[in-house]
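These notes are about the structure you will find just below.
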Amino acid sequence: MRKKIFIAVLLPALFAASQAWAFTGRTKWQVNLESGITSGIAESENVLLLGTETGKFYALNKDTGSEVWSYIGTNTIKGTPSVINNNVVFAQGDGTITCLKIADGSLMWQSMAHAGEGVTIDDGTAAGGGMIFASKSDGKLYALDAKNGHLLWTYKAGEQGVREAPGYGDGFVFLGEYGGIMSIISPHNGKRVNGGGAGGAINTPVIKNGKVYYSSWDGSVQAVQIKDVIPLWDVKIGDPVTTSPAVGEGIVAVGTVRGTIAAIDEANGNILWKFETNGNTISGNPIISEGLVFAGTASGTIYAIDKSSGKVRFNLETGSGFETNPVLSEGIIYFGDNGGTVYALQ
């Protein structure tokens, strides 16, 4: 694998920030795992949980980045892992779903046989209500018992299938389909109880404060009150939206295929600002924290943008692209790139 070059760029505006602004953008640590990071990062207490293109799954110490344990999986790790009941569950490209004990990485269960030969997984899992949910290339949503991986039910999506991970919240499963359907599904029996839609493929829905937020490749972002399924707003960003919405501090943030990062007023759906990254696709889902919106590009630059003004505070260029979801924990952002490096920014 090519040696990667690391370059950190901190703009002057960063140092002009007030003392109350705790985030500095400095690198606390970085470690290289020798294989590209293909999963998002989950966290549990003192460890980060993530996987690589070769199928190796890691628990890293949050303070130092050192390996706590690792597990050799069957195939490329996909999407963001789920943490449930002191275990971590992750999906692999060959359709396998694996559950490990977070304390030591020991295998709790593995589900391989439900979908059939040639069925794959493109994204990660969701967890809730004692269950694990995952979408597979056969166009079905699978619900597994989190205790043992046993299949509980399947839900068949529309003709164009489903490629994104589902979302879970408020006692329901939320599924964005490739054909532009957003389904609200009962976790008890796998039946569709309601939903919505868009004019293009829908990214993983996000559930917060009794509302579901979802974005689509038709360029739209929508907010719907879950109770009684009442549409709240529907806004067009202008380009296909490639990320799930991030919701926090009064705004909703998304990224597009052409490199736009957009902030939307959470209350009314008005577009507050757009920041252009010169055409580089926004890949991992944005994060909102401490008055900043963090988002990264597939070419390997992560931006911190002022939530109020839409002006960049700093950017960091990794020298290798990344396409997975970062995580924020205790004021530190963790993310991994295609070159196999995991970063902790504080």
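At a glance:
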{"item": "Top of D228, D123, D94 by mean-square fluctuation, Gaussian network on the chain, Cα under 10 Å", "result": "D228"}
{"item": "Estimated dipole of the chain in Debye, rounded to 20 [Cβ of Lys and Arg +1, of Asp and Glu -1, Cα centre]", "result": "100 debye"}
{"item": "The range 83-236: C-alpha gyration tensor shape, a/c 1.5 cut-off, then a/b vs b/c", "result": "prolate"}
{"item": "Flagged links, alpha-carbon separation over 19 Å, of K78/K211; K78/K136; K28/K101; K28/K62; K78/K140", "result": "K78/K211; K28/K101"}
{"item": "H150/Q346 FRET efficiency (R0 45 Å; Cβ-Cβ; nearest 0.05)", "result": "0.60"}
{"item": "Cleavage-rule hits, trypsin sites (Lys or Arg not before Pro), the range 128-157, DSSP coil, Cβ neighbours within 10 Å at most 15", "result": "K147"}
{"item": "Cβ-derived FRET efficiency at R0 51 Å, D265 paired with D104, nearest 0.05", "result": "0.65"}
{"item": "Neighbour net charge for A223 - beta-carbon separation under 12 angstrom, K R +1, D E -1", "result": "-1"}
{"item": "DSSP loop GluC sites (Glu not before Pro) with at most 10 other Cβ within 10 Å: longest gap in the chain", "result": "160-329"}
{"item": "Around F133: net Lys/Arg minus Asp/Glu count, Cβ-Cβ under 13 Å", "result": "-1"}
{"item": "Cα lying deepest toward the dipole's positive end in the chain, options L152, P326, A91, charges on Cβ", "result": "P326"}
{"item": "Shape category assigned to the range 268-315 from the gyration tensor of Cα positions, a/c cut at 1.5", "result": "prolate"}
{"item": "Label-point gap, in nm, between K191 and E276 - each point 7 angstrom along Cα→Cβ", "result": "5.1 nm"}
{"item": "Distance between the range 262-298 and the range 28-100 - C-alpha centres, whole angstrom", "result": "26 Å"}
{"item": "Helix-only CD estimate at 222 nm, as mean residue ellipticity for the chain, using -39500 (n - 2.57) per DSSP H run (n ≥ 4)", "result": "0 deg cm²/dmol"}
{"item": "Fewest-first ranking of K62, K236, K227, using other Cβ atoms within 10 Å as the exposure measure", "result": "K227, K236, K62"}
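Bear in mind that the values in this text are calculations on the coordinates, not laboratory data. Predicted model, so just to flag it, every value in this text is computed and none were measured. When we count neighbours, we look across all protein chains shown, and the Cβ atoms used for this are built from the backbone with ideal geometry, even at glycine.
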